[in-house]
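Please treat every number below as a calculation from the coordinates, not as lab data. Everything numeric here is computed off the predicted structure, so don't read it as measured data. Every residue, glycine as well, gets a Cβ built from its backbone with ideal geometry; the counts of neighbours run over all protein chains shown.
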């Protein structure tokens, strides 16, 4: 039986959340994602988490909110829209430009969402005397998408991301765990139907089956989380995507209901909408940190970022980039040097590249970079 006080507390949290800029908010129970544990265990057993060992290390807490915080009685799930102003797939045809995932074209959403969540939680704590709260945004071992589905915000689509009937696929999620007993909302049902557009569009076939993602083949994982050289089989498929990939989100038919982001700090910066590859090639570490200050891109570091840019250069077909790419053959980072070798092998003719190899490979001491030279020469033969 829901008391009048519980209903008032729920109404208060709904009003405060919307006033803070959240587009969707609903409530679920900590025991509402009972199937998540088995699904997570299978995902890890298949190795689909790739190098993200933190998923395995936090498995028990991640699968069960009550293990993470035994005192939790209700979970408030909030979503903020970050919809783009235009089709994010349009830039993929502009080979001399860099495609950056929509979510990373301005400020780091972790900071924005967490700040707003803390404000909502603080006001709720003042109203709900004696109750305790914890705020989580993505980095904590919380399965936000299953919780959002259980709360009724949307459903996990065949691309494994949350889809909302009112806001499509462009949603950031956050949660507030509380000891307060609040009325729970109804679970959302799956509305994907027979559609498989998100599966078909994936450049690297990262979906073994509907509702299953293999991070080892996902461009978002490869360009952001993966720290080593990117496997050759994925490089051409990356195109000009240098940070993340929006393909499976962008083609979802439910995005016809999506609006553009209202939060100014989530709207794309002009200089990150479609930066030229030529301009990004000039970035040293200091310039990289300055350009991406406050951005989630800064987290991957200049070397990983430059690896991605160089692969995009190799896919560009732009011979005017050769000179700038060539300067990276003497970069301090083996990761960058190896990517430069591959890019040049794609941009140069056989004879010119062979001359370059004679001059540079003999001076190279890193095994991975020497392997890149060997593979590149072999592929051009």
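Taken over the Cα atoms of the stretch 183-290, the convex hull encloses 195 Å³ per residue. Each part reduced to its alpha carbon centroid, the stretch 57-95 and the stretch 227-305 end up 18 Å apart. Our helix-only sum for the chain, with -39,500 (n - 2.57) per DSSP H run of n ≥ 4 divided by its residues, gives a mean residue ellipticity at 222 nm of -12000 deg cm²/dmol.
Projected label points at residue 236 and residue 56, each 7 Å from Cα along the beta carbon direction, are separated by 3.3 nanometres.
Computed from Cα atoms, the angle from the helix 350-360 axis to the main principal axis of the chain rounds to 90 degrees. On a 0 to 90 degree scale, rounded to 10, what angle separates helix 4-19 from the longest Cα axis of the chain? Relative to the chain, helix 4-19 is tipped by roughly 30 degrees. Applying Stokes-Einstein at 37 °C and 0.692 mPa s to the Kirkwood radius of the stretch 276-381, computed over alpha-carbon pairs, gives a translational diffusion coefficient of 235 µm² s⁻¹. A simple spin-label model places the labels of residue 282 and residue 205 4.1 nm from each other, with each point 7 Å out along Cα-to-Cβ. Here the Gaussian network model covers the chain, with springs between Cα atoms less than 10 Å apart; of 223, 175, 260, 260 fluctuates the most. Ordering 67, 330 from the fewest to the most neighbouring beta carbons within 10 Å gives 330, 67.
Exposure proxy check: 52, 348 ranked by fewest other beta carbons within 10 Å?
By the 10 Å Cβ count, ascending, the order reads 52, 348.
Full extension of the segment from residue 87 to residue 320, taken as 0.36 nm per residue of separation minus the current Cα-Cα distance, would add 81.1 nm. For the chain, the longest principal axis of the alpha carbon atoms and the long axis of helix 109-127 meet at an angle near 10°.
Each of residue 290 and residue 354 was given a label point 7 Å from its Cα along the Cα-to-Cβ line. The distance between the two points is 4.3 nm.
Once Rg and the Kirkwood radius are both taken over the C-alpha atoms of the chain, their ratio Rg/Rh works out to 1.02.
Placing one equal scatterer on every Cα of the stretch 104-186 and applying the Debye formula, the log10 ratio I(q)/I(0) at q = 0.12, 0.14 Å⁻¹ is -0.41, -0.55.
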